[in-house]
Amino acid sequence: MDLTYTPEHEELRANALDFAKRIVEPNLRERDEKAEPDPAIYRKMGEEGFLGVCIPEQYGGLGLDYHALAILSEAFEYVDTSARVIISVHNGLHTLALLQWGTEAQKQAILAPMARGERIGTFCLTEPACGSDVVGLQCFAEKKGDRYVLNGEKIWISLSTVADRYLVMAYTDRAKQQARDPHGITAFEVERGYKGVAPYALKGKLGVRAGVTGGVAFQDVEVPAENVIGGVGNGFKVAMSALDNGRYTVAAGCVGLMKACLDASVKYAGERTTEGRPIGRHQLVQQMLAFMAQSIDVGDLLVRKCGWMKNEGLRCTREVSMAKWTNTVNSQQCADHAIEIHGAYGYSNEFPVERYWRNARGAVIYEGSKEVHQLIQAGYALGLRKDGDLPHELPAWSKG
Ligand SMILES: Cc1cc2nc3c(=O)[nH]c(=O)nc-3n(C[C@H](O)[C@H](O)[C@H](O)COP(=O)(O)OP(=O)(O)OC[C@H]3O[C@@H](n4cnc5c(N)ncnc54)[C@H](O)[C@@H]3O)c2cc1C
């Protein structure tokens, strides 16, 4: 297993960090305070090719490998989680699902404009009455001739009001819905412009306040049958494999957030004095800094391992879940320590660490809560859970 990043990877990291500092960081404190997303960021990310970073060039992307996706996620979340979320939902949860499950025609017609950043995509699984309990979905799409008529509502959807395209999971079989059989779920490409699609934004969020989170209501939305992704009845598999990619970006983003916590804390611990010496000289403060350094190294290695497996075309559902669980929980703890080190100042938005804490909190919940990931890991450990073959696997990375 070669976990070394190449000079090209490091160049991408430098470019992404530079982009985030120039485009995302200005006015970030104000935008976070007022919960005001900046729509220009999406367009600029598209212009840089970030929205198709590891999509093959033939489908409009940059054709970089899966490590590049992690590096981008880490660099963006170093500055703000809202920027990494764009990569998670557009790249991780939507475009990679199309790369894995789409037909050639869908890749040309739908994936390519998204990879070029001309169209923004998001992922619609969660509903008002079910999040972790995916088989409890209420959304239903009824087949009528060459179309499906979609009804229901999705909530807690990142980029809900800015996305042009939604990857929506809905039941298409009433009997299977009643039996809670995941084989009755189908994935659909739904355009925001379709009649009956009503996106909205949620107010009063704890974190990711510089980004959009909301919901989408679907009322008698006519979706062409050719918009089914991955085949009728494969929607659960599409969603779970999309989460293998989304969770990878979340885990990688956490490494960036933990680095931001460490950098801010080291700086403050060198400046603030008590008892005539910098607080960084107190062993209990050092213990918190050491935990951050440890969490960064552990988290980075877990992410690199997943990136290597993806590049090789190896299924890594277990490894990605481990990375996402470990890194989200550790990043929450790192942000908590960062506030502690800043004392009362850490409790105000004069310093960024309270934002890190609020942003880290959400990631422990979304893309599988920490409880869900513990159940997954216990399932593998007990031999109760095994990954079956999928009709379509995420393609291994091939250069050129
Ligand atoms: C900022 C943010 C962005 C999001 N973006 C998206 C998005 O883009 N697309 C999307 O589809 N969703 C998104 N979500 C939704 C997110 O994925 C869900 O919130 C998450 O899956 C949990 O579902 P829930 O909130 O319904 O909680 P529930 O499933 O109701 O769970 C509530 C609590 O019960 C626990 N629990 C549930 N079941 C079990 C069990 N079997 N055993 C033990 N404990 C259990 C959970 O761990 C949790 O602590 C987002 C959420 C947030 C906060």
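Loop only per DSSP, at most 15 neighbouring Cβ atoms within 10 Å: give me the trypsin sites (Lys or Arg not before Pro) in the range 256-335, ordered by residue number. Before the final figure, lay out each step's value.
Values: sites: LYS259, LYS267, ARG272, ARG281, ARG304, LYS305, LYS310, ARG315, ARG318, LYS324; in loops: ARG272, ARG315.
Passing both the DSSP loop test and the Cβ count: ARG272.
So for each of 390-397, 74-81, 291-298 I average, over its residues, the number of other beta carbons within 10 Å; can you give me the resulting order with the highest mean first? All intermediate terms of the calculation are to be shown ahead of the outcome.
On the way: 390-397: 15.0, 74-81: 27.6, 291-298: 18.0.
Ranked by mean Cβ neighbours within 10 Å, highest first: 74-81, 291-298, 390-397.
What does the C-alpha gyration tensor say about the overall shape of the range 1-111? Classify as rounded when a/c is under 1.5, otherwise prolate if a/b is larger than b/c, or oblate.
Numbers: a/c = 2.22, a/b = 1.35, b/c = 1.64.
In terms of gyration-tensor shape, oblate.
Taking Cα pairs under 8 Å and at least six residues apart, what relative contact order does the chain come out at, in percent? Let's see the in-between values first.
Working: 788 pairs, mean separation 70.5, N = 400.
Taking the mean separation of contacting Cα pairs over the length of the chain, I get 18 percent.
Along the range 154-160, what does the Karplus equation 6.51 cos²θ - 1.76 cosθ + 1.60 (θ = phi - 60°) give for ³J(HN,Hα), rounded to whole Hz, x for Gly and Pro?
So the Karplus estimates, Gly and Pro as x, are 10, 9, 6, 9, 5, 6, 3 Hz.
If you take every DSSP beta bridge fully contained in the range 122-235, what fraction is antiparallel? Give it as a percent rounded to 5. Provide the component values of the computation, followed by the final result.
On the way: 30 of 34 bridges.
Roughly 90 percent of the DSSP beta bridges within the range 122-235 come out antiparallel.
Report the net charge of residues surrounding ALA396, where surrounding means a beta-carbon distance below 15 angstrom and charges are Lys +1, Arg +1, Asp -1, Glu -1.
That sum, taken over residues with Cβ under 15 Å, equals -2.
If each DSSP helix of 4+ residues adds -39,500 (n - 2.57) and the sum is divided by the residues in the chain, what number results at 222 nm, nearest 500 deg cm²/dmol?
Details: 13 runs with 182 residues, N = 400.
It lands at -14500 deg cm²/dmol.
Show me the ranking of peptides 375-388, 191-204, 241-254, 55-68 by mean Cβ neighbours inside 10 Å, starting with the highest.
Numbers: 375-388: 11.7, 191-204: 13.5, 241-254: 28.8, 55-68: 20.5.
My ranking of the peptides, most packed first, is 241-254, 55-68, 191-204, 375-388.
Taking a 27 Å limit on the Cα-Cα distance, which of the listed pairs LYS259/LYS310; LYS205/LYS370; LYS21/LYS237; LYS107/LYS310; LYS154/LYS310 fall beyond it? Walk me through the intermediate numbers first.
Working: LYS259/LYS310 24 Å; LYS205/LYS370 20 Å; LYS21/LYS237 37 Å; LYS107/LYS310 20 Å; LYS154/LYS310 29 Å.
Pairs exceeding the cut-off: LYS21/LYS237; LYS154/LYS310.
Kirkwood Rh and Cα-based Rg: tell me the resulting Rg over Rh for the range 108-155, rounded to two decimals.
Using Cα coordinates only, the ratio equals 1.09.
Rounded, prolate or oblate, given the Cα gyration tensor of the range 122-235, with a/c below 1.5 counting as rounded? Display every interim value, and only then the final one.
On the way: a/c = 2.19, a/b = 1.43, b/c = 1.54.
Cα axes put the range 122-235 in the oblate bin.
Quote the relative contact order of the range 7-120 in percent (integer), defining contacts as alpha-carbon pairs under 8 Å separated by 6+ residues. Provide the component values of the computation, followed by the final result.
Values: 135 pairs, mean separation 37.3, N = 114.
So the answer I get is 33 percent.
Bear in mind these aren't lab numbers, they're just calculated from the coordinates by the rules spelled out. The model shown is predicted, which means the values in this text are computed figures rather than measured ones. All Cβ positions, even for glycine, are placed from backbone atoms using ideal geometry, and neighbour counts span all protein chains on display.
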